[in-house]
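Worksheet for the structure shown next.
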């Protein structure tokens, strides 16, 4: 790892270079945004991925396309010298991102990609196509300055917004080869993220006994009533002091008001701060029993993303970023969040992972999604500085 004295001049030069590349960075982001890429539209995600691949090819990247039958294809690009030694300082660094979005095809009609009032607006700008463009600009800066002295692996996934069902094993396999993982998700305000909660999803179905609500009321076993009891029980597992939350987000049941409902169901979102919380909450769900013995409770689900805990390795990465940010003239802070990313997977493997290294903005997944243009150059220079070594 270079010392501050060794990086002082390159950081100033990188900032100047990043400012010169701001227009091309915005242009690439807009081209990626124009290639609308909802997670469930394979052909659209593939087209956006091909656009990114073409840009990385111009930079001299070495490519591998992980083709997927159901989800969008996944792009792996490598830059810089191939690793020839096994010591930690010679291992590659993984830049981790995704190009799928939550926005359906046609969203651009109501949310056009444009720069106005100091912001870059549009669906997927913040989460996280600007981050991908920042990575490309950072790599280009280092290559132009002959400062790319270790291999950089860029992995762009196509299914992050739906839980990474296809990309997770690829992400984990590549992370195991790397010394560190830098996640190109949006910043938390102005901060890098050193911790994220784990995410779980559970679905509960209650089967009861249907009956006429007026004629045979006592013969019915009300699935909705049983589900209400379950919801109250499960919601009581929330522990805000520990940061563990259990939230019912959707519930259904019944057919007619004059029929004792025979079936009801609910979906639950669970957020856990510690890896050990996962097995504990799973046991609680598995232990649910109906108050009415005529009802049956069926429980499915589990933890999808393990938590990204604030490890020593991640703290070391943040301290390096904090020092480099000072060289660039701003104070970098760290933060934690309840949302998950693909960085949760790499952190759970014990690989030092620093998140939120993409754009600064607001409105991810909302109609006012936008990137603050004023921060792009400095954050791109900081990302480039973190790749030095």
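Can you confirm whether the range 293-303 contains a residue that is more than 17 Å from residue 183 (Cα to Cα), over 19 Å from the mean Cα position of the chain (by Cα), in the same structural domain as residue 264 (by TED's automatic domain parsing) and free of Cβ contacts under 8 Å to residues at least 60 places away in the same chain? Checked against the condition, which is being more than 17 Å from residue 183 (Cα to Cα), over 19 Å from the mean Cα position of the chain (by Cα), in the same structural domain as residue 264 (by TED's automatic domain parsing) and free of Cβ contacts under 8 Å to residues at least 60 places away in the same chain, the range 293-303 yields at least one hit. Residue check: residue 138 meets all listed conditions (1) under 22 Å from the mean Cα position of the chain (by Cα); (2) not in a helix (DSSP H, G or I) but one, namely (2). Within the range 143-158, the only residue that satisfies the criterion of being crowded, with 24+ Cβ neighbours inside 10 Å and over 15 Å from residue 181 (Cα atoms) is 158. Being surrounded by fewer than 21 Cβ atoms within 10 Å (Cβ to Cβ), closer than 30 Å to residue 83 by Cβ and either out of contact with any strand residue (DSSP E or B) (no Cβ under 9 Å at 6 or more places or on another chain) or in the same structural domain as residue 96 (by TED's automatic domain parsing) (or both) is not true of residue 385. Strands (runs of 3 or more DSSP E) fully within the range 47-125 that include at least 1 residues being in the same structural domain as residue 137 (by TED's automatic domain parsing) and farther than 26 Å from residue 187 by Cα: 62-66.
Among all positions in the range 206-213, there is no residue which is more than 20 Å from the chain's Cα centre (by Cα) and without any contact (Cβ under 8 Å) to a residue 24 or more places away in the chain.
One residue alone among 251, 321, 325, 335 is assigned to a strand (DSSP E or B), closer than 30 Å to residue 16 by Cα and modelled with pLDDT of 95 or more, and that residue is 335.
Can residue 102 be described as touching a helix residue (DSSP H, G or I) at 6+ places or on another chain (Cβ under 8 Å) and farther than 20 Å from residue 368 by Cα? Spelling it out, it is not the case that residue 102 is touching a helix residue (DSSP H, G or I) at 6+ places or on another chain (Cβ under 8 Å) and farther than 20 Å from residue 368 by Cα. Just one of (1) at pLDDT 95 or above; (2) assigned by TED's automatic domain parsing to the domain that holds residue 163; (3) assigned to a loop (DSSP other than H, G, I, E, B); (4) surrounded by 15 or more Cβ atoms within 10 Å (Cβ to Cβ) fails for residue 367. It is (4).
The values are calculated or read from the model by the stated rules, or taken from the named source; none is laboratory data. Computed from a predicted structure; not experimentally measured. Heads up, the Cβs are rebuilt from the backbone with ideal geometry, glycines too, and the neighbour counts pull from every protein chain shown.
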